[in-house]
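*Asks:* I am attaching a structure below and will ask some questions about it afterwards.
The values are calculated or read from the model by the stated rules, or taken from the named source; none is laboratory data. For clarity, every value in this text was computed on a predicted model and none was experimentally measured. Neighbour counts are summed over all protein chains in view; Cβ atoms, including those assigned to glycine, are modelled from backbone coordinates with ideal geometry.
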Amino acid sequence: MDIRIKKVLQDQPVGQRVAVAGWVRTRRDTGGFSFIEINDGSCLANLQVIADKGLENYQQDIKNLATGSSVVVDGELRKSPAKGQAVELHATKIDIVGGADSETYPLQKKRHSFEFLREINHLRPRTNALGAVSRVRSRLGYAVHNFFQQRGFIQVHTPIITTSDCEGAGEMFQVSTGRERSGEDHFFGRSAGLTVSGQLQAEVYALAMGDVYTFGPTFRAENSNTSRHLAEFWMLEPEMAFCDLDGNRKIAEELLKYLLADVLENCAEDMALFDKFIEKGLIGKLQDVIAKDFIHISYTEAVERLEKAGDKFEYAVRWGADLQSEHERYLSEKLFRCPVAVTDYPASIKPFYMRLNDDGKTVAAMDILVPGIGEIIGGSQREDRLEVLQSRMIETGIDPAEYDWYLDLRRYGSVPHAGFGLGFERLVQFVTGMANIREVIPFPRTPGSAPC
Ligand code: ATP
Ligand code: MG
Ligand code: MG
Ligand code: MG
């Protein structure tokens, strides 16, 4: 019976005959035996295989079995006398499926730097840290769907190729057939690009179905070589009809707490690894986040608090300028030491679709900032009044004729509605304590680099 190592270690079915398939992490020989640690990616822990010299291919193959080789082991599970493991597999047969050359295999038995692992991106999921990140990332994706499906949200698949540059920030990758130069028109009849956000299309569905969410890849051609920006990343975007900024903020806080609690419960072994080797005290920090209310302040208050902090920032703080990551981190890491929701930003630094407040100067925007990263969520209540939206478009240089479909949503049955975007990699960073966003996505695309 084929079985995953995670299940073996959970159930400990001593006496059972099983077949386990995986990759060799280490081999140690003593008189007449080899101890082989194998890992199959299902969990952090390895399974110890005991290979006796009586095995048919022992002398020729097993004794030289190299780290990195793939094997299928048939055998019997027995109680292990060794400390730290409950069961071990006594092999009756070991098939070497794919050998490896121990001289050239890049993953030697030592701790490799994350920079080095990025150079062998195709092999790094075989390491403890990247394996753990991959499992946590997978669980978070599952928990995202659980959270929204349990609350009756409808998932919408918004387009990857689109003609609307939602943020209006000129960060859209263009989609080309490569044939335009030879005189052919654009494939779609007009220029199109890769989505920078599914929000505008999610609004279409929110104004028909109530509560919806979209969760998919997002692309931004921004030349930001930072530890929190990627050119291709995943974004989760809920959009709720009959919802204002306060409701939006509450759902965002509830979501973050739910996701942290889910991972602490379901990925305990991987989380313990991060707590020990990546960020000391991580688990306690996340438990604190779950236990306490997030801080809520306005942008104006945030600027005042930052001004009071003195001039220790690289970028000056000024009402009307966007907060830089150093300011965001100061607020969440130093001043409040917990997640902070900052609302009501100046209209001049936010996109056209955010609802203008009564003061005429600020919009109903919301950013959630977390320690170690800064902005993890950006959202707003949307402008639901046709005339105000039209004049905001003109002010920000957007042609209302191109967004007639979007304006229709305000012409026919407009309602207050709100939503936000959670950067999925920033979430994985926050949960795992990884300092660089390149470590939490399988294939990081950054300016100058796309591994495969
Ligand atoms: P930043 O200020 O960090 O550049 P943003 O304000 O441009 O982010 P939004 O347009 O508000 O980002 O997007 C919503 C969320 O998507 C952000 O809060 C963040 O979590 C995530 N995000 C945005 N840009 C990136 C990126 N280049 N790489 C990874 N995640 C991103
Ligand atoms: Mg940005
Ligand atoms: Mg921002
Ligand atoms: Mg933002």
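*Asks:* I'm told R137 meets every condition in (1) free of Cβ contacts under 8 Å to residues at least 60 places away in the same chain; (2) among the charged types (D, E, K, R); (3) surrounded by 15 or more Cβ atoms within 10 Å (Cβ to Cβ); (4) within 26 Å of K6 (Cα to Cα) except one. Can you identify the failing condition by its number?
*Replies:* For R137, the failing item is (1).
*Asks:* Same structure, new question: For segment 146-253, please list each of the strands (runs of 3 or more DSSP E) lying entirely inside it that holds at least 2 residues being out of contact with any Phe, Trp or Tyr (no Cβ under 6 Å at 6 or more places or on another chain), at pLDDT 95 or above and not small (G, A, S). Outline the logic, then answer.
*Replies:* Values: elements: 192-194, 211-219, 232-241.
Strands (runs of 3 or more DSSP E) meeting the threshold: 211-219, 232-241.
*Asks:* Starting from segment 315-330, take each residue that is part of a helix (DSSP H, G or I) and list its partners that are not aliphatic (A, V, I, L, M), counting only C-beta distances under 6 angstrom and pairs at least six apart or across chains.
*Replies:* S325/G374; E326/F313; E328/G374; E328/E375; R329/G374
*Asks:* Count, please, the residues in segment 357-416 that happen to be within 16 Å of ligand 4 (Cβ to nearest atom), more than 19 Å from G320 (Cα to Cα) and small (G, A, S). Explain how you work it out, then say what you get.
*Replies:* Our first condition is that a residue be within 16 Å of ligand 4 (Cβ to nearest atom); within segment 357-416, this holds for 362-370, 373-382, 396.
Next, only the ones that are more than 19 Å from G320 (Cα to Cα) stay: 370, 373, 376-377, 381-382.
Those still in the list that are small (G, A, S) too: none.
The qualifying residues number 0.
*Asks:* Residues that are surrounded by fewer than 22 Cβ atoms within 10 Å (Cβ to Cβ) and under 21 Å from K276 (Cα atoms): does segment 412-430 have at least one?
*Replies:* no
*Asks:* Just to be sure, is K280 part of a helix (DSSP H, G or I), surrounded by fewer than 21 Cβ atoms within 10 Å (Cβ to Cβ) and either more than 16 Å from ligand 1 (Cβ to nearest atom) or not small (G, A, S) (or both)? Steps first, please.
*Replies:* On the way: part of a helix (DSSP H, G or I): no; surrounded by fewer than 21 Cβ atoms within 10 Å (Cβ to Cβ): yes; either more than 16 Å from ligand 1 (Cβ to nearest atom) or not small (G, A, S) (or both): yes.
Criteria not met by K280.
*Asks:* Need the failing condition index for Y353 against (1) more than 26 Å from A316 (Cβ to Cβ); (2) of a type outside the set (G, A, S); (3) away from ligand 4 (no atom under 14 Å from the Cβ), just the number.
*Replies:* Y353 satisfies every listed condition except (3).
*Asks:* Conditions: (1) on the phi < 0 side of the Ramachandran plot; (2) loosely packed, with under 12 Cβ neighbours inside 10 Å. G152 meets all but one. Number of the miss?
*Replies:* (1)
*Asks:* Among the numbered conditions (1) surrounded by 22 or more Cβ atoms within 10 Å (Cβ to Cβ); (2) in contact with a strand residue (DSSP E or B) (Cβ under 8 Å, 6 or more places away or on another chain), tell me where D270 comes up short.
*Replies:* Among (1) surrounded by 22 or more Cβ atoms within 10 Å (Cβ to Cβ); (2) in contact with a strand residue (DSSP E or B) (Cβ under 8 Å, 6 or more places away or on another chain), D270 violates only (2).
*Asks:* Then there is this: Tell me which residues, restricted to segment 200-226, are among the polar types (S, T, N, Q) and within 14 Å of ligand 2 (Cβ to nearest atom).
*Replies:* T218, N223, S224, N225, T226
*Asks:* Across segment 375-398, what is the number of residues that are within 16 Å of ligand 2 (Cβ to nearest atom) and more than 22 Å from V204 (Cβ to Cβ)?
*Replies:* Matching residues across segment 375-398 total 2.
*Asks:* Of (1) crowded, with 16+ Cβ neighbours inside 10 Å; (2) over 30 Å from L386 (Cβ atoms); (3) in contact with a strand residue (DSSP E or B) (Cβ under 9 Å, 6 or more places away or on another chain), T362 satisfies all except one. Which?
*Replies:* (2)
*Asks:* Okay, next question. Quick one: D404 ticks every box in (1) within 15 Å of L200 (Cβ to Cβ); (2) assigned to a strand (DSSP E or B); (3) of a type in the set (D, E, K, R) except a single one, so which number is it?
*Replies:* (2)
*Asks:* Now for a different question. Being farther than 29 Å from E171 by Cα, within 16 Å of ligand 1 (Cβ to nearest atom), buried (at least 19 other Cβ atoms within 10 Å of the Cβ) and of a type outside the set (D, E) narrows it down to one residue among F352, F294; which is it? Even if it seems obvious, please write down each step before you answer.
*Replies:* On the way: F352 fails: farther than 29 Å from E171 by Cα.
The unique qualifying residue is F294.
*Asks:* Out of curiosity, is T214 hydroxyl-bearing (S, T, Y), in contact with a strand residue (DSSP E or B) (Cβ under 9 Å, 6 or more places away or on another chain) and within 16 Å of ligand 4 (Cβ to nearest atom)?
*Replies:* No, not satisfied.
*Asks:* Here's something else I'd like to know. Give segment 52-73 a look and list any residue that's crowded, with 16+ Cβ neighbours inside 10 Å and either of a type in the set (F, W, Y) or in contact (Cβ under 8 Å) with a residue 40 or more places away in the chain (or both), or say none.
*Replies:* Correct list: Y58, L65, T67, G68, S69, S70, V71, V73.
*Asks:* Output the number of the condition that T104 fails; it satisfies all remaining conditions of (1) among the β-branched types (V, I, T); (2) in a loop (DSSP other than H, G, I, E, B); (3) surrounded by 11 or more Cβ atoms within 10 Å (Cβ to Cβ).
*Replies:* T104 satisfies all of (1) among the β-branched types (V, I, T); (2) in a loop (DSSP other than H, G, I, E, B); (3) surrounded by 11 or more Cβ atoms within 10 Å (Cβ to Cβ) except (3).
*Asks:* Can you tell me how many residues within segment 283-303 are of a type in the set (A, V, I, L, M, F, W, C) and assigned to a loop (DSSP other than H, G, I, E, B)? Quick ask: steps written out before the conclusion?
*Replies:* Within segment 283-303, the subset of a type in the set (A, V, I, L, M, F, W, C) is 283, 286, 289-291, 294-295, 297, 302-303.
Of the ones still in play, those that are also assigned to a loop (DSSP other than H, G, I, E, B) are 294.
Residues meeting the conditions: 1.
*Asks:* Of (1) free of Cβ contacts under 8 Å to residues at least 40 places away in the same chain; (2) buried (at least 19 other Cβ atoms within 10 Å of the Cβ), A341 satisfies all except one. Which?
*Replies:* In the conditions (1) free of Cβ contacts under 8 Å to residues at least 40 places away in the same chain; (2) buried (at least 19 other Cβ atoms within 10 Å of the Cβ), A341 misses (1) alone.
*Asks:* Return yes when I368 is surrounded by fewer than 23 Cβ atoms within 10 Å (Cβ to Cβ) and in the same structural domain as V204 (by TED's automatic domain parsing) and no when it is not.
*Replies:* Working: surrounded by fewer than 23 Cβ atoms within 10 Å (Cβ to Cβ): no; in the same structural domain as V204 (by TED's automatic domain parsing): yes.
No.
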